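Where a number appears in this text, it was derived from the coordinates with a stated rule and is not lab data. Because the structure is predicted, anything quoted here is derived from the model rather than measured. Methodologically, a virtual Cβ is constructed for each residue, glycine included, from the backbone with ideal geometry; neighbour enumeration extends over all protein chains shown.
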Amino acid sequence: MVARRPSTRLVQLRYLAHARSGDKGNTANVGLIALEPAYYPVLVREVTPARVARHFKGMVSGVDRFELPNFNALNFLLHDALDGGGTISLKTDAQGKVYSTALLRMDIPVPAALARRVARP
Amino acid sequence: MTRTNGRTVRIAAGQGFWGDWLEAPVRQVRGGPIDYLMMDYLAEVTMSILQKQKSRDPAAGYARDFVPLMERILPDVVSRGIRVTSNAGGVNPRGCAEAVLAAARRLELPRKLRVGLVSGDDILGRLDELLARGHALSDMESGRPLSDIRDAVLSANAYLGMAPIVEALRGGADVVVTGRVTDTGLTLGPMFHEFGWSPDEWDKVAAGTVAGHIIECGAQASGGNLLKGWRSVKGLADPGFPIVEAASDGSFVVTKHAGTGGVVSVASVTEQLVYEMGDPRSYITPDGVADFTTIQLRQAGRDRVRVTGIRGGPRTPMLKVSIAYFWGYKAVGTLVYAWPEAFDKARAADKVLRHRLADLGLAYDQILTEFVGVDATHGRLSGAPSPELPEVQLRVGVRARERAPVERFTREIAPLVLTGPPSVTGFAGGRPAVEEVVAYWPALLDRGEIEPHVRVEILEA
């Protein structure tokens, strides 16, 4: 769990970003795209490779992160995520198509003022 | 035939993979003005499937759907002056090109059809010679040398870039049929041909690469599989596949035909751009290296996204080679358990099954159990399931190098219905099938070993 700082609230990533994922061999990639430009700096600060690795602990062997400020997006590589990948994998999601929404389950601390503006059902 | 500056060239996506929506190319050709139709058929493992088909029938080995599809659209293609680029040729581009010519003859078109045939990507017959001369063709992921699995190799093809497509278009081809040309090359080729760009204008190469990447998965750029605001995407029963309107300065607009469903937005294009992405600064193709962090997207009207600013760098001295080899066997069996305590019943059944497999002394490389409805897509992140779940599907997969243990596994699923936990159903499909596993081995090879062998021919009918 992420420690809560006094002026922040935990918000699930699904309310801050959209995402698409795919595969390259036994690695899954997740492109995480801020729903609003104002959310992007929060994603850069809080959705760190270490936190994503913890989120997927036991499911992946390592995480790399790349920044795409031009899309307000981050790209994550999740290594050894696909039970061998391609045709070898026995997983339902052998091509890593829904790692995208698995990442959106993560809670991150968001400044309280910004959290109040986030649209949630 | 270089067009003047200021004109745009319209390149439309017709297929995003082998098995994509069959109506899409027809609608692209008839639904509005386009100059080129590009159809991508080849995923990583497709080549090995095609190689297997060719070994059984020398006339096979290409994406067979392509020919009846071309037969449907050739009259429009010819009358509207549309040109087609496709890698449907697989491991038998000549067979594919000849089948298209035969279709053209059957149609009695108002003029002759010219088919450009690109070959030279297939290096299966040259593998031993290449290995003997010191090319290790090591697996890019594991680093193992190809000699470890040489006897199991089924197909080996180099990824070619746009050059042979440009040459075929220059030669007057109406339809260009290739083997393992990159998805992006099918879009780059028409752009370089039309604008007369030099292949070392790296920013132009990068721009065309990005354009190709955006449309190579078909409707995935125009509202299909779009997560952001998915409920508001209308008309997916008749999705407009994406179209690139390219300008001679390297900028382009992504759009779709008027009156079609789906949506072209910054969100739809961005989701496609991050799909299957590695390091965004270095998207490597045979033609150059594109920097995805330079791409600027702007909504420029309804279903129109303007793409500008793309920068890139020089091509690398190596070409990627796609090798497929025989790995072994796998099978997946499923059963459905009903309320109450559906998950507990499914879990108990999995235990019984594994116990029996162990008692039989069967060895597997992997046994994977998933509970569909509980954890199959998100694993432990899904949390504990409710005891009131209406049903759970037990899904067990096994793989092994030998056929026998996999074969025996397929006979251990049905007995669970009468010899395991209760409230079980969903076995209408019969015994699971044993599948052969063909695995993928990506490697690198010097350009100089490939490019002199690439050949472009223009055939007529």
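The table for this structure:
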item	result
Pairwise FRET efficiency - A:Thr48 versus B:Ala358, Cβ, R0 = 60 Å, nearest 0.05	0.90
Net lengthening on full extension, B:Asp200/B:Thr308 (0.36 nm per residue, minus Cα-Cα)	37.0 nm
Nitroxide proxy distance, nm - points 7 Å out along Cα→Cβ at B:Ala404 and B:Leu131	2.8 nm
Gyration tensor (alpha-carbon) shape descriptor, segment B:246-366, a/c threshold 1.5	oblate
Förster radius 45 Å - calculated FRET efficiency between B:Glu108 and B:Asp249 (Cβ-Cβ, nearest 0.05)	0.60
Ascending count of other beta-carbon atoms within 10 Å, so fewest first, for B:His257, B:His355	B:His355, B:His257
Directionally averaged projected area (convex hull, Cα atoms, segment B:323-440), nm²	7.8 nm²
Part-to-part distance (alpha-carbon centres) for segment B:30-68 and segment B:360-403, which is given in Å	34 Å
Cα centre as origin, Lys/Arg/Asp/Glu Cβ charges: segment B:323-440 dipole, Debye	280 debye
Size of charge dipole - segment A:32-72 - debye, nearest 20, with Cβ of Lys, Arg +1 and Asp, Glu -1, no other charges	220 debye
Sparsely packed trypsin sites (Lys or Arg not before Pro) within segment B:395-461, loop by DSSP, other Cβ within 10 Å at most 12	B:Arg411
5 angstrom amide H check on B:Leu37, placed H, neighbours 5+ away	B:Ala12, B:Arg83, B:Val84, B:Thr85
Centroid-to-centroid separation of segment B:326-344 and segment B:98-172 [C-alpha atoms, Å]	39 Å
Trypsin sites (Lys or Arg not before Pro) restricted to segment B:109-153 and DSSP loop, no more than 15 other C-beta within 10 Å	B:Arg111, B:Lys112, B:Arg133
Chain B - mean residue ellipticity at 222 nm from DSSP helices (-39,500 (n - 2.57) per run, n ≥ 4, rounded to 500)	-8000 deg cm²/dmol
Listed residue (A:Pro69, A:Gln12, A:Phe56) projecting farthest to the positive dipole end of segment A:9-117, Cβ model	A:Gln12
Proportion of all alpha-carbon pairs of chain A beyond 21 Å (%)	37 percent
Burial ordering of B:Ile165, B:Ile458, B:Ile323, A:Ile108, fewest other beta-carbon atoms within 10 Å first	B:Ile458, A:Ile108, B:Ile323, B:Ile165
Whole-Hz couplings from phi, Karplus 6.51/-1.76/1.60, listed for segment B:184-192; x for Gly and Pro	5, x, 5, 9, 4, x, x, 5, 5
Between 0 and 90°, nearest 10: helix B:46-56 axis offset from chain B longest Cα axis	80 degrees
Long pairs among A:Lys24/B:Lys330; A:Lys91/B:Lys351; A:Lys57/B:Lys52; B:Lys204/B:Lys234, criterion Cα-Cα beyond 28 Å	A:Lys57/B:Lys52; B:Lys204/B:Lys234
Cα-based shape type of chain B, given that a ≥ b ≥ c are square roots of the gyration tensor eigenvalues and the cut on a/c is 1.5	prolate
Principal axes of segment B:183-336: Cα extent on each, largest first, Å	59, 47, 25
Over chain B, relative contact order from alpha-carbon pairs under 8 Å, at least 6 apart, %	18 percent
Inter-label distance for B:Ser423 and B:Ala59, nm, one decimal - labels placed 7 Å from Cα along Cα-to-Cβ	5.6 nm
Near-label residues of segment B:395-436 by backbone N, under 14 Å of a point 7 Å along Cα→Cβ of B:Gln366	B:396-401
Rounded, prolate or oblate (a/c below 1.5 giving rounded, otherwise prolate when a/b exceeds b/c) for segment B:90-208 by Cα gyration tensor	oblate
Approximate spin-label separation B:Asp446-B:Asp279, in nm, with each point projected 7 Å along Cα-to-Cβ	2.4 nm
Exposure proxy ranking, count of Cβ atoms within 10 Å, fewest first, for A:Ser21, B:Ser386	B:Ser386, A:Ser21
Dipole axis of segment A:9-117 (+1 Lys, Arg; -1 Asp, Glu on Cβ), positive-most option in A:Ala112, A:Val47, A:Leu78	A:Ala112
Sites matching GluC sites (Glu not before Pro) across segment B:348-418 that sit in DSSP coil, with at most 12 neighbouring C-beta atoms within 10 Å	B:Glu388
Charge dipole (debye, nearest 20) of chain B; +1 at Cβ of Lys and Arg, -1 at Cβ of Asp and Glu	800 debye
Rounded FRET efficiency, nearest 0.05, which uses the C-beta distance separating B:Ala348 from B:Arg411 and R0 of 30 Å	0.90
Stokes-Einstein D for the protein assembly as shown, Kirkwood Rh over Cα pairs, 25 °C, 0.890 mPa s (µm²/s)	96 µm²/s
At 1.002 mPa s and 20 °C, Stokes diffusion of segment B:230-273 via Kirkwood alpha-carbon radius, µm² per second	188 µm²/s
Peptide A:19-32 - average C-beta neighbours from other chains (10 Å radius)	5
Chain A, relative contact order in percent, only Cα pairs under 8 angstrom and at least six apart counted	39 percent
